[in-house]
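Student: My questions all concern the structure below.
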Amino acid sequence: MSREEAIPLVQRLLKPDTPDEESSEILEALQRGLACPRISDYAYWDPDPEQAAEKIVDRAMTYKPIAL
């Protein structure tokens, strides 16, 4: 998933009127598309009050799994 595809999904996720079922679907799509299991943490638990979709996506795109 590209940055340009992920940003609108995160923007929709951050809207308080997004139904829970849709939010779950968006999170699953983002986790698959960006290969970042912590995207929900970045979206919901970021201490920055000025969180932006672009920042969340950029942070998720830097995630690299640990090779065991």
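Every residue, every condition in (1) out of contact with any Cys (no Cβ under 6 Å at 6 or more places or on another chain); (2) in a loop (DSSP other than H, G, I, E, B); (3) under 13 Å from residue 1 (Cβ atoms); (4) open to solvent by less than 30 Å² (accessible area, probe 1.4 Å), yes or no:
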{"position": "13", "(1), (2), (3), (4)": "yes, no, no, yes"}
{"position": "17", "(1), (2), (3), (4)": "yes, yes, no, no"}
{"position": "24", "(1), (2), (3), (4)": "yes, no, no, no"}
{"position": "30", "(1), (2), (3), (4)": "yes, no, yes, yes"}
{"position": "65", "(1), (2), (3), (4)": "yes, yes, no, no"}
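Student: Okay, moving on. Cβ-Cβ below 8 Å, separation at least six or inter-chain, first residue in segment 1-18 and without any contact (Cβ under 8 Å) to a residue 24 or more places away in the chain, second open to solvent by less than 50 Å² (accessible area, probe 1.4 Å) and in a loop (DSSP other than H, G, I, E, B): which pairs?
Tutor: Listed pairs, sorted by first residue: 12/18.
Student: So which residues in segment 32-63 are free of Cβ contacts under 8 Å to residues at least 12 places away in the same chain and either open to solvent by less than 50 Å² (accessible area, probe 1.4 Å) or among the small types (Gly, Ala, Ser) (or both), if there are any at all?
Tutor: Those that are free of Cβ contacts under 8 Å to residues at least 12 places away in the same chain and either open to solvent by less than 50 Å² (accessible area, probe 1.4 Å) or among the small types (Gly, Ala, Ser) (or both): 46, 52.
The values are calculated or read from the model by the stated rules, or taken from the named source; none is laboratory data. Quick caveat, the model's predicted, so the values are computed rather than measured. FYI the Cβ positions are ideal-geometry reconstructions off the backbone, even for glycines, and counts take in every protein chain you see. What goes into the accessible areas is simple: the full protein's heavy atoms, side chains included, and nothing from ligands, DNA or RNA. Shrake-Rupley method; radii C 1.70, N 1.55, O 1.52, S 1.80 Å.
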